[in-house]
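Chemist: This is the structure, below, for whatever I ask next.
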Amino acid sequence: MMAKSKIPGFLWKHATAIAIMVAVLFVGVVGFFAYTYHVVTSKFDSARMWDLPSRIYSDSTPIVTGQRYPKSLLERKLRTLGYYDADGEVDRSGEYRYDGSDLEIFLQDFRYPDVEFHGMPVRISMSGDTVRTIRRTDTDSEVRGIRLEPELITSIFDEVMEDRIPIPLERVPQHLIDAIVATEDRTFFDHEGISLRGIARAAWADIRNRNLASGGSTLTQQLIKNLYLTPERTFRRKAWEAVMAIILDARYTKPQILEAYVNEIYLGQHGAVQVVGVEQASQTFFGKRAINLTLPEAATIAGVIRSPNYYNPLKHPERAVERRNVILDGMYAVGKIDEVQLARAKKAELVVNPYPRSVRTAPAFVGLVLSELRETYPRTQLTSEGFRIFTTLDAAMQREAEAALKKGLDQLEKDYPRIRNYGEPPEGALVTIQPGTGYVKALVGGRESSASEFNRAVQARRQPGSLFKPFVYTAAMDPARGREALTAATILQDSAITVRTGTSEWKPQNYDNEFHGSVSVREALVKSYNIPAVRAAIDAGVGNVVKLAERIGVESRLEPYPSISLGSFEVTPLELAYAYSVFANQGVRAKPVTILSVVSREGEVLENRVVEMERVADAGVTWIMNGILQDVIDEGTGARVRRMGIRGPYAGKTGTTNDYRDAWFVGYTPRILSLVWVGYDDGRGMGLSGGTAAAPVWGRYMKVVGDLVADEDFSRPDNVVSREVDPSTGFLYTSWCPESREEYFVAGTQPVEVCPAHSYDSWDVWREDEDWRRRREEMEDNPLRRLLREIF
C-alpha cells in the first residue's frame, strides 16, 4: 500500500520532467517518421532515381534499294539489335523472318537525337544479296529505304559497374510480372508493405538457426533494401526496412512500386558488369527487349532473382532450366498459367543470346571517343547522367575488321612460321573511314584489342615508307608550277644518285637493289621505285613536299630532308588514313569525326558535331593520282588483292619500310577507305612487304564489307585533259612511235611537243634498223605522210 501511494506523488512531483520526456519522445518518433518519409519520397519522386551510365551507340544502318547486304551480316545485325525469329506472321515489334530470300521485319521503336521513330512492318525483297524493293506491309506502300537503329557499343561506368535500362511497367510483359510476384511475394497486392506472417516465419527460422539468415521480405522490402539500405543483416536495419516499406506502400501505388522493383532488382554479373533490372537482363541473356520475352524466358529471369550468378542462363543453362521449371510450377499453382501453357513452357529449349555484347566492344574506337568526350564533360557526368552518345561507328564493319585482322595475322604466322619465333607475335591496326564525311567507321588497335590498352591505330608512331610517295608526286605535279610541273607521263631516271645533305651523303636504293632506267611517273609509282620518288621530291622542293603533307593533315613533325620522299618520318595509322582521304575526296580534306550527337537522358541534344571540309590539293592532280593508284591494284604492287577476288574501282598503295619493319596497305573508293598496318611493336623487321603482309588482311576484310558500300568511280574534274603520248618519252605520240598510251593531265601541263625520239626527223637514228627503214619507204610514198613530214 505504501508503495502504491508513492506512485501518484512521484508522478506529480516529476510531472514536468515526464511531460518533457514524453514530448521529446513524441517529437523524436514524429521526427524519425518524418525523416524516413523524406528519405523514401525524395529519392522515389526524383526523376533521376538512379545514376545511369552514359551509353555509346554506333551509327544507324541504312538499307536502301540497290544496296548489297549479305544475309550473314544482316542477320547478325538483327540479332545483335534484339530482333528475334517470328514463329509465324511478323506482327510484333522486334520480330523478323525470312520468306525465301525476302526478309520481313517489324522495325523497333527508337529515340534518335532528332526524331522519335515508331516501328513499322516492312518486307525487303532481295535478289541474291541486293535489295530490290522495300515495302511497308501495313500500308502496302513502297519506300526507298529504311534504317536499322544504332547498336549499343558500351556503357561508361563508375566504380560500381552497374548497368540498367529503366523501362515503364507497361513495357514489362504480364507473364514476367506474374512470374516475379508468384515467386517472390504472392501477397504483394494484399499487404501494406510488410507481411506479418512472413516476418514471423522468418523470425522462427532465425531463432532455430541462431542467426539472421532467413528472408521473409516482401517485394517492397527487397526494393527498400536495394534502393536505400546496405545488405547488412541486423535487427536495427530490418526494423528500419520495415518502417520504410510501410511508408512506401502507403505513399505509392502497387504499380509504381512494382515498376521501381523490376528496374532495381540485381540479376547477376556479365563479365565485370552488374546486370540490374529486367530490361538489361532480357537483352543480356536473350538478346531481346523485355516486352518480347516468351513465358519460359520470363520464368527464367524470375528464377534468377534468388541466386543471380548461380542461375545465370549464360553460364549455367542446366541450373537455369531447372529453376525455370520451379517458377512455372509456382505460376501454375496460383492460377497464372494453365496446364497446356505449363507443359509447353517446360518443354521449351533454353535459347540464350547468341551474340552477348562484350563490355570491351570496339575498345580502340571507344577510347578515341572517350578522349574527345572528356575534353567537354567531367567523368562524373559521363558515369552518372545517362547521356546517349551517338557515334559514326559501323558495328558490322567493326566486327569484320576485328575478325579480319586477327585471322589475317594468324594466317601470316601459319604461312611464315619464322615471324612467330621472335617471341612476341606480330601486331596490326586497321582503320576504315568514310572519305566524304570524315566519319570513322571501324577502328582496330591490335589483334587482341581487349588484352591491351595500347591503341596502335591512334598511338603507334611508325614510318609510312612507300605510302608517302603519292604525296611527293602530288607536290611535284602541282599545276601552280606551270610547265615545270611533273605529269603522269614525265620521264624520270631510275639510276644511281647521291644526295648531299650538309656534310653527309645518302645513296638511296630500290627494294630490289636494281636500276630500271628511264621510267614514267606512272610506272615509278605503280611499281613503287624509290629513286624516281627521291628525284621528284628534289624537283618539287623538299620544303614544298613538307608543306603539302602538313596541308593534307599529317600532324606529325616533318623535317625537310630528301629522305622524307621515302617516308622516313613517323605517323599514326589514323593520321595516314585521313591523309589518303584527300585523294578519295579529290583534293578535299575532311576532318576526323567520331561523335555525331550527345543527348541527355531527358532527350535534350547537348551537341551535334558537323563535318568540316577544306580543299587542300588540286582536284585534277588527285584524280590523276587516283588513276595511277588504281593501276597499283590492277597491275602493280597491290595486285594481290585482285587475286583475292576484290572487285570495284579501288585505288590503293602498298608501303614497306627499311628492313621490312612496317608493312602497309591502303585501298579506297570515293565511298570507303581502309588502311592496314602490320609489324612488331618493338620495330624488328618481319622480312615481309606491304603487299605480302598487309594487303591480304585488307583483302580479307574488304571482300566482306565492300558489299555494304555502293561502287562509285572517281568523277573526272573539268580541268583534266587527255592526250595520246609515247610512254617511253612522255611526249605526244606520232605514227612513228612504236607504242602509245592515253594519258591524263591537268590543263596547262599537257605536252605540246611531239615525240622527238620517233618523229620523222629522228629516223637517222633508226636507219640501220630494217623494220624502220621499210616503214620509212612506205610512208614516203604516202601523200599524207609527205605532208606531215613538211609540217614536222
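Chemist: Give all pairs with beta carbons closer than 6 Å in which a residue from region 634-647 that is on the phi > 0 side of the Ramachandran plot meets a residue that is open to solvent by 80 Å² or more (accessible area, probe 1.4 Å) and among the charged types (D, E, K, R); count only pairs at least 6 apart in sequence or on separate chains.
Modeler: The qualifying pairs are Gly645/Lys703.
Chemist: Working carefully through the options Ala333, Ala396, find the one that is open to solvent by less than 50 Å² (accessible area, probe 1.4 Å) and either among the β-branched types (Val, Ile, Thr) or in contact (Cβ under 8 Å) with a residue 40 or more places away in the chain (or both).
Modeler: Ala396
Chemist: Another question about this same structure. Given (1) surrounded by fewer than 20 Cβ atoms within 10 Å (Cβ to Cβ); (2) of a type outside the set (Gly, Ala, Ser); (3) under 23 Å from Val273 (Cβ atoms), where does Pro363 come up short, assuming only one miss?
Modeler: Failing condition for Pro363: (1).
Chemist: Additional query: Criterion first (surrounded by 13 or more Cβ atoms within 10 Å (Cβ to Cβ), closer than 23 Å to Gly88 by Cα, out of contact with any helix residue (DSSP H, G or I) (no Cβ under 6 Å at 6 or more places or on another chain) and touching a residue at least 12 places away in the same chain (Cβ under 8 Å)) does Arg136 satisfy it?
Modeler: Working: surrounded by 13 or more Cβ atoms within 10 Å (Cβ to Cβ): yes; closer than 23 Å to Gly88 by Cα: yes; out of contact with any helix residue (DSSP H, G or I) (no Cβ under 6 Å at 6 or more places or on another chain): yes; touching a residue at least 12 places away in the same chain (Cβ under 8 Å): yes.
When the stated conditions are applied, Arg136 passes them.
Chemist: List the helices (runs of 4 or more DSSP H) inside region 503-584, counting only whole elements, that have at least 3 residues being without any contact (Cβ under 8 Å) to a residue 60 or more places away in the chain.
Modeler: Numbers: elements: 521-526, 530-540, 542-552, 573-584.
Once the helices (runs of 4 or more DSSP H) in region 503-584 are filtered for at least 3 residues that are without any contact (Cβ under 8 Å) to a residue 60 or more places away in the chain, what remains is 530-540, 542-552.
Chemist: Kindly evaluate Pro532 against the criterion of being out of contact with any His (no Cβ under 6 Å at 6 or more places or on another chain), over 30 Å from Gly436 (Cβ atoms), buried (at least 24 other Cβ atoms within 10 Å of the Cβ) and not aromatic (Phe, Trp, Tyr).
Modeler: yes
Chemist: Something else about it: Output the number of residues of region 297-320 satisfying the condition of being in contact with an Asp or Glu (Cβ under 9 Å, 6 or more places away or on another chain) and outside any loop (DSSP other than H, G, I, E, B).
Modeler: The number of residues fulfilling the criteria is 3.
Chemist: Can you go through Val340, Val369, Val326, Val352 and tell me which one is open to solvent by 60 Å² or more (accessible area, probe 1.4 Å) and either within 30 Å of Met49 (Cβ to Cβ) or free of Cβ contacts under 8 Å to residues at least 12 places away in the same chain (or both)?
Modeler: Val340
Chemist: Does Leu405 satisfy the criteria of being in a loop (DSSP other than H, G, I, E, B) and of a type outside the set (Asp, Glu)?
Modeler: On the way: in a loop (DSSP other than H, G, I, E, B): no; of a type outside the set (Asp, Glu): yes.
So Leu405 does not fit the description; no.
Chemist: Among the residues of region 416-447, count how many are part of a loop (DSSP other than H, G, I, E, B), of a type in the set (S, T, N, Q) and at pLDDT 90 or above.
Modeler: Residues flagged as part of a loop (DSSP other than H, G, I, E, B), of a type in the set (S, T, N, Q) and at pLDDT 90 or above within region 416-447 amount to 1.
Chemist: Of everything in region 699-712 that's among the acidic types (Asp, Glu) and surrounded by 14 or more Cβ atoms within 10 Å (Cβ to Cβ), which residue is farthest from the chain's Cα centre (by Cα)?
Modeler: It comes out as Asp711.
Chemist: Do you know which residues across region 559-588 are open to solvent by 40 Å² or more (accessible area, probe 1.4 Å) and under 22 Å from the mean Cα position of the chain (by Cα)?
Modeler: none
Chemist: Quick one: would you say Tyr473 is open to solvent by 20 Å² or more (accessible area, probe 1.4 Å), touching a residue at least 24 places away in the same chain (Cβ under 8 Å) and among the aromatic types (Phe, Trp, Tyr)?
Modeler: no
Chemist: Next up: Among residues belonging to region 660-674 that are of a type in the set (Ser, Thr, Tyr) and under 22 Å from the mean Cα position of the chain (by Cα), point out the one that is farthest from Pro696 (Cα to Cα). Don't jump to the end; show me each part of the working.
Modeler: Step one: of region 660-674, the residues of a type in the set (Ser, Thr, Tyr) are 660, 668-669, 674.
Cutting the leftovers down to under 22 Å from the mean Cα position of the chain (by Cα) gives us 668-669, 674.
Details: Tyr668: 15, Thr669: 18, Ser674: 13 Å.
Among residues in region 660-674 that are of a type in the set (Ser, Thr, Tyr) and under 22 Å from the mean Cα position of the chain (by Cα), the one farthest from Pro696 (Cα to Cα) is Thr669.
Yes or no, residue by residue, for (1) aliphatic (A, V, I, L, M); (2) in contact with a helix residue (DSSP H, G or I) (Cβ under 7 Å, 6 or more places away or on another chain):
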| position | (1), (2) |
| --- | --- |
| Tyr680 | no, no |
| Gly687 | no, yes |
| Ala693 | yes, yes |
| Val697 | yes, yes |
| Arg700 | no, yes |
| Val704 | yes, yes |
| Ala710 | yes, no |
| Asp718 | no, no |
| Pro727 | no, no |
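Chemist: Against the definition (more than 30 Å from Tyr439 (Cα to Cα), among the hydroxyl-bearing types (Ser, Thr, Tyr) and surrounded by fewer than 20 Cβ atoms within 10 Å (Cβ to Cβ)), how does Ser307 come out, yes or no?
Modeler: Yes: the conditions hold for Ser307.
Chemist: With Glu259, Glu297, Glu279 as the choices, which residue is touching a residue at least 12 places away in the same chain (Cβ under 8 Å), under 27 Å from the mean Cα position of the chain (by Cα) and surrounded by 19 or more Cβ atoms within 10 Å (Cβ to Cβ)?
Modeler: Among Glu259, Glu297, Glu279, only Glu279 is touching a residue at least 12 places away in the same chain (Cβ under 8 Å), under 27 Å from the mean Cα position of the chain (by Cα) and surrounded by 19 or more Cβ atoms within 10 Å (Cβ to Cβ).
Chemist: Hey, can you tell me all the residues within region 172-193 that are open to solvent by 30 Å² or more (accessible area, probe 1.4 Å) and modelled with pLDDT under 95?
Modeler: Thr183, Glu184, Arg186, Thr187, Phe189, Asp190, Glu192
The values are calculated or read from the model by the stated rules, or taken from the named source; none is laboratory data. Computed from a predicted structure; not experimentally measured. FYI the Cβ positions are ideal-geometry reconstructions off the backbone, even for glycines, and counts take in every protein chain you see. Just so you know, the surface numbers come from the protein's heavy atoms only, side chains and all, with ligands and any DNA or RNA stripped out. Shrake-Rupley method; radii C 1.70, N 1.55, O 1.52, S 1.80 Å.
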